[in-house]
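Worksheet: one structure, shown below.
The values are calculated or read from the model by the stated rules, or taken from the named source; none is laboratory data. All of these numbers come straight from a predicted model, not from anything done at the bench. Quick reminder, even Gly has a Cβ in these numbers, built from the backbone with ideal geometry, and neighbours come from all protein chains shown. These area figures cover heavy atoms from the full protein model, side chains too; ligands, DNA and RNA do not enter into them. Shrake-Rupley method; radii C 1.70, N 1.55, O 1.52, S 1.80 Å.
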Amino acid sequence: MENTYKLKLVSGMTKARYEDTFLQFPALHSATALRGDTFMFAALASAAATHGGLNVTVTVEGALAPYITTYVVDHVPVRLTNYRDKGDDDYLSYKPGLFPDVLRPANRTYLMDMTHQLYFIARLPQDIAPDTYTVDVVLFSTDLQAEVARETLTLEVLDAVLPTQDIKNTMWFHYDSLADYYNVEVFSERHWEIVESFMKTYVQMGMNTILTPIFTPPLDTVIGGERPTVQLVDVTRENGKYTFSFEKLERFCALCHKLGITDLEIAHFFTQWGAAHAPKIMATDNGTYRRIFGWESEATGEDYIGLLRALIPALKQKLDELGFQDHYFFHISDEPSSKNLESYAAAKNAIIDLIDDHPVRDALSKFDFYQQGVVKEPIVCTDHADTFVKANVPDLWVYYCCSQSQGVSNRFYTMPGYRARVLGAQMYRTGSTGFLQWGYNFYYSRTSQYLINPYLMNDGDFAYPAGDSFAVYPNNDGTPLLSLHGVLFSQALLDLRAMKAAEAVVGRDAVIEAVEAQGRIDYMHYPRTESYLLTLRDTVNRMAAGKK
């Protein structure tokens, strides 16, 4: 009977499918962490069950147990694994199927004769005593009323503190998506509660900058259509003159301060992919509440530019009053292409004198936009970023989305875990100062035409490779559930912070030597093994603690 149950501890980068074998994954016996760190690891479990699953509880024992949350990893169906014309050979599979992703906090599960995955997140306090700790993971069979498996991990907590994250990181927060999914009114008390819950997890995952919808963001919207109104600034127009009310924005900023969001990303002033139109703007217009701008409005039309020239000075004054002075940036239009150069430049030039005392960042791939000075603070897609790195572009932000699927890091379900986590090493080596990703909680189809069930349709209805459009799942109670692909991204940020801790002790050159111990590191080149990242993290941890 003792051979009925199996248990194996493995790294937090593991993605184990039901049909995988234990032998495919190296065992994890020991690791290091810093004070204030978040350490993640996983376990594989199975049981020889012939008639349904066998019921077990999962217990963590040891002095670190109070800091550890246990998760059962649920599998979800994946249809679109990647864009077929942009793949490479570094995927777990190109075939549709079930993949592990949903992290459900639980210490009870059913096991069968297949490979199940458990996940553990240890959130260590800054004041924890440096020491070597043992963590025992125990399976207890409720059918047998007996312990049936036990494995031990040794975690050495070193005497150095993980520093505060110094890069800016934003993942677009979709406020309308939450209102639609939970069927609540936008900015009702229940909506604010849900937003706060999702925002709290957002910060815990490593985001410190957030999309701020002064107007409904003109993003991923079908041409001629509109998304639900999520407008933080109330607009009144009387006989052509504008006044503004900021009560919702004040509440929003107070929530950001409460949860630890340090910077605001002001939503785009013009429509996506070309800056040709005004965003949807609602106003009380001579006593009637209605939409006053939208797809029918030219971006540089006199009326719309008049609104912006009235709003922007008032908005900046209010943001400064609310404690975000020098901690917000502006967007013009998302992902302009070369054919949009003229319209983008015209839109920007219409208001640049009002906003050029703050960064004006936009996502792009074309170096000529930067060379010509059209975008001075670019956010560059990772598969084009090395050109900008070689040109020593200062304050360089990067991003990835659905198209970055060949050769570069990304967070798709079907990519190995190390491919998401290596981003931290890449950002450190290249000196990148910010990261943007478009989907924290986008529960819509392509161009937001209808709501989807993210547990069954994680590709926006064949629009994006699974893993691109959201990083958390909506739980029934209005709280988010973590995802495996989301916490792998968080590990990249933790690695980056550990590298900064090491740099403060041994200098940047020594850390770069460790980062490139197995070869060149940039956005297109990196070792494709999890052992590289495990060794690197242990090395920089020890550097930070003054140990060899």
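Worth pointing out:
- Coupling constants for region 90-96 follow from the phi torsions by the Karplus curve (6.51 cos²θ - 1.76 cosθ + 1.60, θ = phi - 60°), and in residue order they are 10, 10, 5, 6, 9, 8, x Hz; glycine and proline get x.
- Only lysines eight or more places from K6 in sequence, or on another chain, were considered; those with a Cα closer than 20 Å are K15.
- Accessible area per residue (1.4 Å probe, heavy atoms of protein chains only) ranks H327, H51, H116 as H51, H327, H116, with the largest value leading.
- Rounded tilt (10° steps) of 247-259 against the dominant C-alpha axis of the chain: 30 degrees
- Sequence-ordered 3J(HN,Hα) estimates for region 448-463 from the Karplus curve with 6.51, -1.76 and 1.60 and θ = phi - 60° stand at 6, 7, 7, 6, 10, 8, x, 6, 10, 9, 9, 10, x, 6, 6, 9 Hz, glycine and proline given as x.
- 3J(HN,Hα) couplings calculated from phi for region 132-141 with the Karplus curve 6.51 cos²θ - 1.76 cosθ + 1.60 (θ = phi - 60°) are, in sequence order, 9, 10, 9, 10, 9, 9, 10, 9, 10, 7 Hz; Gly and Pro show x.
- Accessible carbon and sulfur surface of region 289-410 relative to its total accessible area, %, 1.4 Å: 45 percent
- Relative to the dominant Cα principal axis of the chain, helix 189-204 is inclined by about 60°.
- Taking the helices alone, the chain has a mean residue ellipticity at 222 nm of -8000 deg cm²/dmol, built from -39,500 (n - 2.57) per DSSP H run of at least 4 residues and averaged over all its residues.
- Accessible area per residue, Å², region 309-380 with all protein chains present, probe 1.4 Å: 42 Å²
- Distant-in-sequence amide H partners of V148 (H built 1.01 Å from N, under 5 Å): L139, F140, S141
- For region 166-308, the per residue solvent-accessible surface stands at 38 Å², with DNA, RNA and ligands left out and a 1.4 Å probe.
- Within the accessible area of region 42-97, the carbon and sulfur atoms contribute 53%, probe 1.4 Å, all protein chains present.
- Put a plus charge on the Cβ of each Lys and Arg, a minus charge on the Cβ of each Asp and Glu, and nothing anywhere else: the dipole of region 308-353 about its Cα centre is then about 160 debye.
- Here the chain carries DSSP beta bridges of which approximately 70% are antiparallel, counting only pairs with both residues inside.
- In a fully extended conformation the segment linking D285 and A146 would gain 43.0 nm over its present Cα-Cα distance, using 0.36 nm per residue.
- Other residues within the sphere of radius under 15 Å centred on the Cβ of W438, judged by their own Cβ, net out at -4 (K and R +1, D and E -1).
- Nearby lysines by direct alpha-carbon distance to K390 (threshold 27 angstrom, same-chain neighbours under 8 apart not counted): K86, K168, K339, K348, K366, K376, K500
- Sorted peptide list for 125-138, 6-19, criterion being average Cβ within 10 angstrom, highest first: 6-19, 125-138
- Short-range pairs are left out: with C-alpha atoms under 8 Å and at least six residues apart, the relative contact order of the chain is 16 percent.
- Largest to smallest accessible area among Y464, Y110 [probe 1.4 Å]: Y110, Y464
- Between helix 530-544 and the chain: long-axis angle, C-alpha atoms, 0 to 90°, nearest 10: 80 degrees
- Expected-Rg normalisation [2.2 N^0.38 Å, Cα atoms] applied to region 204-286: 1.23
- Carbon/sulfur fraction of accessible area - region 114-211, other protein chains in place, 1.4 Å, %: 44 percent
- Once all protein chains are placed together, T288 keeps about 80 Å² accessible to a 1.4 angstrom probe.
- Environment charge at L54 (Cβ cut-off 10 Å; Lys +1, Arg +1, Asp -1, Glu -1): -2
- Local electrostatic count, L494, Cβ distance below 10 Å [Lys/Arg +1, Asp/Glu -1]: +1
- Alpha carbon centroid spacing (whole Å) that separates region 57-74 from region 198-218: 29 Å
- The chain, dipole about Cα centre (Lys/Arg Cβ +1, Asp/Glu Cβ -1), debye to the nearest 20: 480 debye
- When D386, D509 are compared by accessible area of protein heavy atoms, the largest-first order is D509, D386, using a 1.4 Å probe.
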